[in-house]
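Chemist: Attaching a single structure in structure tokens format; questions to follow.
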Amino acid sequence: MAYGYHRTTSSRATTSATPSPSWPAEPSAHPSQKRSITDKETSDACHRSYRHLGRPVGNRPYSQAVRTGDLLFVSGQLPLHPETGAVCDNIEEQTRQSLTSVTAVVREAGGQLSDVVRVGIFVTDIKDFGVVNKVYAEFFSAETRPARAVVKVSALPRPEARIEIEAIAAIGASSGNA
């Protein structure tokens with residue numbers, strides 16, 4: 001079963017004569033069309049789908065990730081345990097779980113953390129910044145740290161969640177991380 005991963009085409013997207021090995025050339029489609037992957041299409045050589053730690057997006061009106069060209073846009077990942085959907089109380093573990101989820105989505109799309117070029121972090125208490133920063137440094141080495149924004153928000157979709165993390169990765173392209 002495929003979950004919420006789709007590839008878009010856009011007139012602004014960079015095209016190449018040689019398609020990326022992880023994303024063969026897409027059949028011709030109108031530039032403004034956006035195609036969602038369905039179970040029927042998972043075997044189609046032009047599309048890839050993924051499962052995110054066994055937790056589907058389900059009927060929600062968004063995708064866990066969207067790829068256009070070499071860019072992968074990963075939706076915000078709440079700190080949900082992949083098997084139970086539970087959220088732990090500790091901000092350190094919540095941060096670790098959200099980053100683990102981001103990692104899983106990027107890897108499923110054929111990338112790795114060193115491909116991540118931007119991260120957005122949303123916290124309900126800015127006092128948690130030091131702990132979040134410490135865990136974040138465990139995932140991103142000094143050589144590959146992406147651009148980042150940390151924003152304090154009043155609430156997140158799960159009341160017990162204290163953090164949500166989104167990311168953009170440049171998979172198959174030179175990301176410019178140094």
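Throughout, read-outs are computed from the coordinates displayed, never taken from laboratory work. Computed from a predicted structure; not experimentally measured. Here the Cβ is made from the backbone with ideal geometry for all residues, glycine too, and neighbour counts use every protein chain on show.
Every residue, every condition in (1) within 22 Å of Arg67 (Cβ to Cβ); (2) buried (at least 16 other Cβ atoms within 10 Å of the Cβ), yes or no:
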| site | (1), (2) |
| --- | --- |
| Thr84 | no, no |
| Gly120 | yes, yes |
| Asp128 | no, yes |
| Val131 | no, yes |
| Ser141 | no, no |
| Ser154 | no, no |
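Chemist: Moving on to the next point. Of all residues in segment 89-127, which are within 20 Å of Ser141 (Cβ to Cβ) and of a type in the set (A, V, I, L, M, F, W, C)?
Modeler: Leu99, Val102, Ala104, Val105, Val106, Leu113, Val116, Val117, Val119, Ile121
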